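Trainee: Before I ask anything, here is the structure I am working with.
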Amino acid sequence: MDDRTAGRELVRRLLSVVDSGRPTTNPAQDAWVTAAFTYWGLKALGVPQDSLDSFAPEFRQGMAARAAELGDVGESSPANWEKPLGTSDVHVALAALSPDAARLEAVLERARKTYEELAGIEVIWRQDCYQLPTGRTSFGFKDGIGQPAVEGSGIPGSNLGEAPLKAGEIILGYPDETGNRPPMPTPEVLGRNGTYVVFRKLHTRVAAYRSYLRERAASREEEALLGAKMVGRWQSGAPLVISPERDDPELGADPRRNNDFLYKDDLRGFKCPAGAHARRANPRDALDGEGSVDVRLHRMIRRGTSYGPMLPEGVLEDDGVDRGIIFVFAGAHPKRQFEFVKTQWLNDGIFIGAPSESDPLVGPQDGSGMFTIPQRPIRRRLQALPPFVVTRGGEYCFAPGLRAMRWLAELDT
Ligand code: HEM
């Protein structure tokens, strides 16, 4: 946004294309546009400074300023990010989502109408993303299965062992799991019904990942097992805790069963290692007990999707093509949800008694890390883990509610 007048006109136009989050059975409403603003975007719109100061400190700093904490160092550091990500030029993020290509064109057209031929508004970055033909992400795994249920959303939970989260964990203005209303940006009209959105463009080194497993496995079966141990699920999505020996595609595809599990019968990790990505990211009941961590304070809604073409099945050579995941987080607490999980659970291993280990798949590896797989008679250790994921950029955003959008459009300072 070159100036606040143009910015407010954009918000005014967006108001007619951004839908409420009400669940719908109307297929025409299955495709939608979402708008979220960075700190610099709210500032460009002329939001008063005392209001800007009332936002979460991490949001105000922006993701690039949080790089050291997040482990975005070396190749992943903001100096190497795709421009203009991580700079104060990024003001607003629009996401157009659709279940199929036909409806995507229509929803993109709706989004385009809000900024095309609007002087003072320029599209400075665009990323196409889609589900790969396999329905899986670039490493070959089905993703997006584990999600918390949220009170009042109307969407039933997929893990019967997890009670729905209080709405205030995800949407601002409501009581959260602590029983309090989390700090909300002011004025009330701006904060209420808003949510923080984190997005990250994560490049995945698929050839390096495949070669790493190939070199350490005696057979294709063992290769699949080692890959599953790193994730906590088989490629089909079947959880290791339910199906520890082999993949079970029927289980992986069954939304009533594929997330219905706890770790209480596998506390030592013989089925699913404590260091596996999904178990780190949501240890469920594995941290229960004395001095336990309240896992419910560190949950998140994820809406990730893939970008770039698949590396064809079986290829172990890097083709130099950029591919990976656009990771999207939504929640009311960027620090205790997104940042906590990333820094304490994925990047660190203290909480599982393995301080020198970080997430084998998505952790900030430097070639010296390892991953412990508990097994009898002796545990197995995968050594010299290279980085399989490189951060290409990202932003902390705020997605306002509809009344807040109206307030932003009508600012008159
Ligand atoms: C390129 C990077 C990443 C890849 C390839 C990846 C892949 C996966 C896969 C395959 C699953 C299992 C499917 C599922 O349970 O939905 C998963 C689960 C999950 N991931 Fe990631 N992930 C990535 C980054 C992240 C990051 C950065 C975070 C958070 C900071 C995260 C948080 C989670 C959570 C919360 C779950 C669900 C765990 C559960 O509820 O059991 N992931 N991820």
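Coordinate-derived values only; no laboratory data. This structure is a prediction, so every number in the text was calculated from the model and none was measured. Glycine also receives a Cβ, built like all others from the backbone with ideal geometry; neighbour counts cover every protein chain displayed.
Trainee: Just for the Cα atoms in segment 161-320, what are the lengths along the principal axes, largest first, rounded to whole Å?
Mentor: 59, 41, 29
Trainee: Next up: Would you mind calculating the relative contact order of segment 108-171 from Cα pairs under 8 angstrom and at least 6 residues apart, reporting the percent as a whole number? It would help to have the intermediate numbers written out before the result.
Mentor: Details: 38 pairs, mean separation 11.2, N = 64.
It comes to 17 percent, rounded to a whole number.
Trainee: Using only the alpha-carbon atoms of segment 88-185 as identical scatterers, what base-10 log of I(q)/I(0) does the Debye formula give at q = 0.11, 0.25 Å⁻¹?
Mentor: -0.61, -1.15
Trainee: Using helices alone, what [θ] at 222 nm do you get for the chain, with -39,500 (n - 2.57) per DSSP H run of 4 or more residues, divided over all residues and rounded to the nearest 500?
Mentor: Numbers: 12 runs with 91 residues, N = 413.
Result for the chain, helices only: -6000 deg cm²/dmol.
Trainee: Continuing with this model, one more query. Taking every pair of distinct Cα atoms and averaging 1/r, then inverting, what Kirkwood hydrodynamic radius in Å comes out for segment 217-294? All intermediate terms of the calculation are to be shown ahead of the outcome.
Mentor: Details: mean 1/r = 0.0783 Å⁻¹.
Computed over Cα pairs of segment 217-294, the Kirkwood hydrodynamic radius comes out at 12.8 Å.
Trainee: OK, next. Between Ile378 and Cys129, what FRET efficiency comes out of the Förster formula 1/(1 + (r/R0)^6) with R0 = 45 Å and r the beta carbon distance, rounded to 0.05?
Mentor: Working: r = 43 Å, r/R0 = 0.95.
For Cys129 and Ile378, the calculated efficiency is 0.60.
Trainee: Which value in nm describes the separation of the simple spin-label points at Ser292 and Val189, placed 7 Å from the Cα toward the beta carbon?
Mentor: 4.4
Trainee: Here is a further query. Which FRET efficiency value, to the nearest 0.05, is calculated for Asp285 and Ala354 with the Förster distance at 22 angstrom and r the Cβ-Cβ distance?
Mentor: On the way: r = 19 Å, r/R0 = 0.87.
With R0 = 22 Å, the Cβ-Cβ based efficiency is 0.70.
Trainee: Considering only the other residues whose Cβ falls under 10 Å of the Cβ of Gly140, what net charge follows from Lys and Arg at +1 and Asp and Glu at -1? Please list the in-between numbers first.
Mentor: Numbers: positive: Arg136, Lys142, Arg210; negative: Glu313.
Neighbour charge sum, excluding Gly140 itself: +2.
Trainee: Using only Cα atoms, what is the ratio of the radius of gyration of segment 48-121 to 2.2 N^0.38 Å?
Mentor: For segment 48-121, the normalised Cα radius of gyration comes out at 1.48.
Trainee: Assign one of three labels to segment 261-307, namely rounded, prolate or oblate, based on the Cα gyration tensor with a ≥ b ≥ c the square roots of its eigenvalues; rounded applies when a/c is under 1.5, prolate when it is not and a/b is larger than b/c, and oblate otherwise.
Mentor: Numbers: a/c = 2.85, a/b = 1.42, b/c = 2.00.
Oblate, since a/c reaches 1.5 and b/c is not below a/b.
Trainee: Based on alpha-carbon atoms only, what is the radius of gyration of the chain relative to the globular estimate 2.2 N^0.38 Å? Could you put the intermediate results ahead of the total?
Mentor: Numbers: Rg = 21.5 Å, N = 413, 2.2 N^0.38 = 21.7 Å.
In units of the globular-protein estimate, the chain measures up at 0.99.
Trainee: Moving on to the next point. Determine Rg/Rh for segment 1-150; Rg is computed over alpha-carbon atoms and Rh is the Kirkwood hydrodynamic estimate from the same atoms.
Mentor: Value, to two decimals: 0.98.
Trainee: Next up: For segment 160-234, what is the relative contact order in percent, using Cα pairs closer than 8 Å and at least 6 residues apart in sequence?
Mentor: Numbers: 59 pairs, mean separation 11.6, N = 75.
Relative contact order, segment 160-234: 16 percent.
Trainee: Additional query: Amide H to amide H under 5 Å from Ser88: which residues, 5+ apart in sequence or cross-chain, H placed 1.01 Å off N in plane?
Mentor: It is none; the list stays empty.
Trainee: Could I ask something else about it? Grab the beta carbon distance between Asp318 and Thr5, set R0 = 51 Å, and tell me the FRET efficiency rounded to 0.05.
Mentor: Details: r = 47 Å, r/R0 = 0.93.
Between Asp318 and Thr5 the formula returns 0.60.
Trainee: Straight-line reach from Lys271: which lysines have Cα under 16 Å away, leaving out those fewer than 8 places along the same chain?
Mentor: Within the straight-line limit of under 16 Å, Lys271 reaches these lysines: Lys229.
Trainee: Evaluate the relative contact order of the chain (contact order divided by residue number), counting alpha-carbon pairs under 8 angstrom at least 6 apart; express in whole percent.
Mentor: Values: 804 pairs, mean separation 98.4, N = 413.
This gives 24 percent for the chain.
Trainee: In whole angstrom, and with the biggest value first, how far do the Cα coordinates of segment 303-412 range along each principal axis?
Mentor: 68, 37, 22
Trainee: Quick one: what are the phi-derived ³J(HN,Hα) couplings along segment 300-311, Karplus 6.51/-1.76/1.60 with θ = phi - 60°, whole Hz, x for glycine and proline?
Mentor: In residue order, the calculated couplings are 7, 9, 10, 9, x, 8, 9, 9, x, x, 5, 7 Hz.
Trainee: Suppose we take every Cα in segment 176-237 and form the convex hull; what volume per residue is that in Å³? Before the final figure, lay out the partial values.
Mentor: Values: hull volume 9.6 nm³, N = 62.
Once divided by residue count, the hull of segment 176-237 is 155 Å³.
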